[in-house]
Amino acid sequence: MESYWQTIQLAWWNLTHRIGWTDIADILIVAVIIYELILLMRQTRGSAVLKGLLLLLVLAVLSTLLGMTALNWVLQLLIRNGALVLIVLFQPELRKALESLGRSAIRSRSREATASDEQGRAINEIIQCMTDLSRRKVGMLLVFERDTGLKDIIDTGTAIDAQISAPLLENIFEPNTPLHDGAVIIRDTRVVAGACILPLTESDTVSRELGTRHRASIGISETTDAVALIVSEETGIMSVARDGIITRGLDAVSLRTVLESIYEEKPTGFRALLRAFRKEADPA
């Protein structure tokens, strides 16, 4: 009994006087593993077995405190061979956990491939729409949201939340339709809103030949990191506004290059976290 309490006192002294960052990390990792195991065993037959093992541990401690030598010997024998017992008893749950890990890795790769395919499809749809509108001299203004949230701009328009498609965009910008005035906001591969009002540029260097659409595209690219694509209603010329600079005279090839650069710039670290949080907070 006295040796048992000495062991507890020694363990407590080591815990309070010798603990370091490595020990803290070690404890956290073990805690996470135990927590995940509990979640895995919950609502399965393994949960009852786990409760039985915990009961054996409690009995082992009590048998040591009460001096029950025979019972303690049996319990200690079971505990020493606990690893083998756990593998045998929890074989179905362990197999399920490993299968789940494998499926998660496959799903992750599948999601990346699907996102890449969806971006390629969106690029093709936008190019088709813009070239068609350019040929017909129908004005349009697309704004691609990036790291800077555009919720205040989105709130000025009409929510859409639809997959990007050439027919949809052409219908939105068709003259004399309810949403043809203003900008369409694109978030990833979704049309978020239409008929949105953008701030106009205050720069004195902008050519007087450029109309409201072009000035609005420059304005939004000056105040945010958004990229805007424009089709002139007067000339049918396709342009891009980025970082307060407008580049005119795009063709299908250069337009594809611009769109690919937009979708290839993937956020990392804190920027990715902010973008994911914004999507959860503002699904529209």
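The values are calculated or read from the model by the stated rules, or taken from the named source; none is laboratory data. Quick caveat, the model's predicted, so the values are computed rather than measured. Note that we place each Cβ from the backbone using ideal geometry, even for glycine, and neighbour counts take in every protein chain shown.
Observations
- Index of the failed condition, Ile237 passing every other in (1) crowded, with 19+ Cβ neighbours inside 10 Å; (2) in contact with a Gly (Cβ under 8 Å, 6 or more places away or on another chain); (3) under 24 Å from Gly120 (Cα atoms): (1)
- Against the conditions (1) over 29 Å from Asp117 (Cβ atoms); (2) surrounded by fewer than 19 Cβ atoms within 10 Å (Cβ to Cβ); (3) touching a helix residue (DSSP H, G or I) at 6+ places or on another chain (Cβ under 7 Å), Leu198 satisfies every one except (2).
- Test: residue in the range 240-258 that is more than 26 Å from Glu118 (Cβ to Cβ), assigned by TED's automatic domain parsing to the domain that holds Gly149, in contact (Cβ under 8 Å) with a residue 60 or more places away in the chain and of a type outside the set (S, T, N, Q): no
- Qualifying positions in the range 216-230 - surrounded by 19 or more Cβ atoms within 10 Å (Cβ to Cβ) and of a type outside the set (Val, Ile, Thr): Ala216, Ser217, Gly219, Ser221, Ala226, Ala228, Leu229
- Remark: pairs (first residue in the range 139-168, outside any helix (DSSP H, G or I); second residue polar (S, T, N, Q); Cβ separation under 8 Å; 6+ apart in sequence or on different chains) = Gly139/Ser232; Leu141/Ser217; Val143/Ser217; Arg146/Thr224; Thr148/Thr224; Leu150/Thr224; Gln163/Thr189; Ile164/Thr189.
- Residues that are among the basic types (Lys, Arg) number at least 1 in the following strands (runs of 3 or more DSSP E) confined to the range 200-266: 238-242, 245-250.
- Selection count, the range 125-157, where residues are of a type outside the set (Lys, Arg) and under 25 Å from the mean Cα position of the chain (by Cα): 14
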